[in-house]
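**Student:** Here's a structure for you.
The values are calculated or read from the model by the stated rules, or taken from the named source; none is laboratory data. All of these numbers come straight from a predicted model, not from anything done at the bench. Note that each Cβ is placed from the backbone with ideal geometry, even for glycine, and that neighbours are counted across all protein chains shown. Note: areas computed on protein heavy atoms with side chains; ligands, DNA, RNA excluded. Shrake-Rupley method; radii C 1.70, N 1.55, O 1.52, S 1.80 Å.
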Amino acid sequence: MQKLTWGNAGPLPSHSYICGYCGASVASEKGWHAQLSGSGATFAHLYICHQCTRPSLFDQTERKQTPGVVFGEVVKDIPDADTATLYNEARACTGAGAYTAAVLSCRKLLMHLAVSLGAAQGEPFINYVQYLADNHYVPPGAKGWVDHIRKKGNEANHEITLMVQADAEELLAFVQMLLKVIYEFPASVQKKEAP
């Protein structure tokens, strides 16, 4: 492994990015640069987010940002802490490039969601999918999406198959929509109607 030589903090070429910590869209020009020892070639830049003041590393060789950008939006008003935690874990997995873990988290999230909404614990997974559909938590015509999450989760869990970014983002987009419809949107109306 080659050693890096870090320069002093100072101005850098302006760089626009989404902060992997706070999700802000920023254009930073403050931070550090690193060169490969003995070569003088720039290896990386470490930019400081002007919203949360945390550093993001940009590897010039791999064109990789660390921490990566998490996919999806924050969903508010999820009363079940485990469901909220699993959703945020799935989002964080996408930022870390752990797409198989994100898909597995989405699958597990459906089970937690169904149980938090009244389904019995210890049932086969298909029963949780059916519970969400039978109790109208899944919008009309979208039961196929819940089944798609089940199938992708099974594929990730039971087969020698790795999931890719598109798989994780597709499932997260659906789970996000489901959580917003079940929790966030009703809560926002209740807050507006509260005296």
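**Student:** Hey, can you tell me all the residues within the range 102-120 that are outside any loop (DSSP other than H, G, I, E, B) and without any contact (Cβ under 8 Å) to a residue 24 or more places away in the chain?
**Tutor:** Pass one, the range 102-120, residues outside any loop (DSSP other than H, G, I, E, B): 102-116.
If the condition is that a residue be outside any loop (DSSP other than H, G, I, E, B) and without any contact (Cβ under 8 Å) to a residue 24 or more places away in the chain, then SER105, MET111, ALA114, VAL115 are the ones that fit.
**Student:** Here is a check on your reading of the model: is ALA187 touching a residue at least 12 places away in the same chain (Cβ under 8 Å), closer than 24 Å to TYR99 by Cβ and surrounded by 12 or more Cβ atoms within 10 Å (Cβ to Cβ)?
**Tutor:** So ALA187 fails the test.
**Student:** Continuing with the same structure: Quickly run through the range 90-114 and pick out the residues that are open to solvent by less than 40 Å² (accessible area, probe 1.4 Å) and closer than 20 Å to ASN135 by Cβ.
**Tutor:** If the condition is that a residue be open to solvent by less than 40 Å² (accessible area, probe 1.4 Å) and closer than 20 Å to ASN135 by Cβ, then CYS106, LEU109, LEU110, LEU113, ALA114 are the ones that fit.
**Student:** Does GLY95 satisfy the criteria of being without any contact (Cβ under 8 Å) to a residue 12 or more places away in the chain and under 17 Å from ALA173 (Cα atoms)?
**Tutor:** no
**Student:** While we're on this one: Regarding the range 150-166, can at least one residue be identified that is assigned to a helix (DSSP H, G or I), closer than 21 Å to PRO67 by Cβ, at pLDDT 90 or above and of a type in the set (A, V, I, L, M, F, W, C)?
**Tutor:** Within the range 150-166 (the criterion being assigned to a helix (DSSP H, G or I), closer than 21 Å to PRO67 by Cβ, at pLDDT 90 or above and of a type in the set (A, V, I, L, M, F, W, C)), the answer is yes, since at least one residue qualifies.
**Student:** Tally up the residues in the range 151-182 that are in contact with a Gly (Cβ under 9 Å, 6 or more places away or on another chain) and either open to solvent by less than 50 Å² (accessible area, probe 1.4 Å) or of a type in the set (Lys, Arg) (or both), please.
**Tutor:** 5
**Student:** Would you be able to tell me the number of residues in the range 44-93 that are part of a loop (DSSP other than H, G, I, E, B), modelled with pLDDT under 90 and of a type in the set (Gly, Ala, Ser)?
**Tutor:** 1
**Student:** How many residues does the range 40-73 contain that are open to solvent by 70 Å² or more (accessible area, probe 1.4 Å) and without any contact (Cβ under 8 Å) to a residue 12 or more places away in the chain?
**Tutor:** 4
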